[in-house]
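To start, the structure itself, in structure tokens.
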Amino acid sequence: MTMLPNADGFFGEYGGQFIPDELLTVVNELSNAYDEVKDTPEFINEFKRLLKHFSGRPTPLYFCSNLTKKLGGAKLYLKREDLNHLGAHKVNNTIGQILLAKHMGKKKIIAETGAGQHGVATAATAALMGMECTIFMGETDIERQKLNVFRMEMMGAKVVPAMSGQRTLKEAVDEALGAWVADAQNTFYLLGSAVGPHPYPAMVRDFQSVIGKEARKQILELEGKLPDYLLACVGGGSNAIGLFYPFVGDEGVRMQGVEPAGRGMTPGNHAASLCLGEPGVLHGFRSYMLKDEKGEAAPVYSISAGLDYPSVGPEHSYLKDAGRAEYVAASDKEAVNAFFTLSREEGIIPALESSHALAQGLKLAPTLSSDKIIIVNLSGRGDKDVAQIQQMMQDGTISPE
Ligand SMILES: *Cc1c(COP(=O)(O)O)cnc(C)c1O
């Protein structure tokens, strides 16, 4: 299971490269370059150095003593990805891909962004490495996320609005792919999650695996044994696969990915691709996806902008079918409750995305005995979500329980 993908980029029947020939040429150039450098000491050492000095790794594995006591069951630990530079796990991936871009002699970085978190992480690492940076963002998202647009621009990036269709993430990806093909010689496309055509899902997993590698070592030091459960939220699936992958061979460790159930598990109200989707092709890869009547990507919704994607990284589809990981869903309401609970009990404000994983932890912990251990991946900090929560409280759409 840990040897996948195969030479064609498949995890079982998922993944692959469903892209036009002109894109296949540039993607394969990238794939060959990645195979060439990924195991060299120079690349590994430079990656580790930047993770440590730019992002502040290793991130702590934090025991929630107050919450564990309150819930009265399994011990709850948090992998503190919120303490990375820029406040989330995304920078693990942008550092890795920018190093590859540099190795390939590329001068320009392009990326798509939805809520803006990947755009900000990309702009920051591009500034660090002295690369020109263009971020494609749907016009609707630009309106909704003005502060992140300003952040990217402050770090020297150019933000280009995607004006077609719904003017959100999907259109931003289409524009970025177009720009890549138009100037493939000089440009590197920095994809933000464990999705897209091969080699992106495997490459992003490799870079994010630092999360699971650290957590495995830390829990053995702290508890002298492996955890019983790993929980992580799933948007594209990068923070989840980053935590899961180093534990895939550890049979006793159960893994649960938590998808957004939004306002309810009915069409248009959630983004639970693995729980309710079916296999199909989107953005160049095959995976579970949510389809409309025509078989195209269905409209999706979640309170957290980082989770509303109609497909999911192909390795998760494989782990689901293989029965190695389970996928469940948490609603907006459950996520908001988890958001308030962690803030109050532990003094840590989690991202709304991460609050979905935490919500599952709050459900699970009381059902287990006190000798069990749960690790929740706290993928990001919630400062970015505080204004939205405040607004919703004022509107009366939510109220802390
Ligand atoms: C982007 C983001 C996610 C979702 O992306 P994955 O690829 O599924 O990890 C989750 N949490 C935070 C804090 C994010 O910024």
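For the chain, what does the helix formula give at 222 nm: sum of -39500 (n - 2.57) over DSSP H segments with n ≥ 4, over the residue count, nearest 500 deg cm²/dmol?
Roughly -13000 deg cm²/dmol at 222 nm, from the helical runs in the chain.
Could you give each residue of segment 106-119 its phi-based ³J(HN,Hα) in whole Hz, using Karplus coefficients 6.51, -1.76, 1.60 with θ = phi - 60°, and x for Gly or Pro?
6, 10, 10, 10, 10, 7, 9, 8, x, 6, x, 5, 5, x
Name the residues of segment 66-82 whose amide N is less than 12 Å from a point 7 angstrom out from the Cα of K225 along the C-beta direction?
75
Take the Cα coordinates of segment 263-401, assign each an equal point scatterer, and use the Debye formula without solvent to give log10 I(q)/I(0) at q = 0.10, 0.21 Å⁻¹.
Taken in order of the listed q values, log10 I(q)/I(0) reads -0.38, -1.29.
What does the C-alpha gyration tensor say about the overall shape of segment 223-289? Classify as rounded when a/c is under 1.5, otherwise prolate if a/b is larger than b/c, or oblate.
prolate
Over all alpha-carbon pairs in the chain, figure out the percentage whose distance exceeds 41 Å.
The share of Cα pairs beyond 41 Å in the chain comes to 7 percent.
At a Förster distance of 45 Å, what's the computed FRET efficiency of S164 paired with D250, Cβ-Cβ distance as r, to 0.05?
The computed FRET efficiency comes out at 0.50.
How high is the relative contact order of the chain, given as a whole-number percent (alpha carbon pairs under 8 Å, six or more residues apart)?
Reported relative contact order: 20 percent.
At R0 = 30 Å, how high is the FRET efficiency between K213 and T25 if r is their beta carbon distance? Nearest 0.05 is fine.
0.35
Across segment 314-401, how many lysine pairs, 8 or more apart or on two chains, come within less than 23 Å at their alpha-carbon atoms?
Lysine pairs satisfying the spacing and distance rule in segment 314-401 number 4.
When the chain is fully extended, how far beyond the present Cα-Cα distance does M3 get from A387, taking 0.36 nm per residue of separation?
Taking M3 through A387 to full extension adds about 133.9 nm, to one decimal.
Starting from the amide H of I398, placed 1.01 Å from N in the peptide plane, find each other amide H under 5 Å away whose residue is 5 or more places distant or on another chain.
Under 5 Å from the amide H of I398 lie the amide H atoms of M393, each far enough along the sequence or on another chain.
May I ask you to list the lysines whose Cα is less than 28 Å away from that of K107, ignoring any residue fewer than eight positions away on the same chain?
Cα-Cα hits under 28 Å: K38, K48, K52, K90, K146, K158, K170.
Residues with amide H under 5 Å of G114's amide H, sequence separation 5 or more or different chain, H placed in the peptide plane at 1.01 Å from N; which?
So G114 has HN proximity to G119.
May I ask for the distance between the Cα centers of segment 163-207 and segment 1-61, given as a whole number of Å?
14 Å
Say each of E296 and T40 gets a label point 7 Å from the Cα, pointing the same way as Cα to Cβ; how far apart are those two points in nm?
Using points 7 Å along Cα→Cβ, the separation is 4.3 nm.
Evaluate 2.2 N^0.38 Å with N set to the residue count of segment 69-169, then give the Cα radius of gyration divided by it.
1.29
The numbers here are math on the coordinates, done by the rules we state, and not lab data. Keep in mind the model is a prediction, meaning the values are calculated, not measured. Using ideal geometry, Cβ is built from the backbone for each residue, glycine included, and neighbour counts are taken over all protein chains shown.
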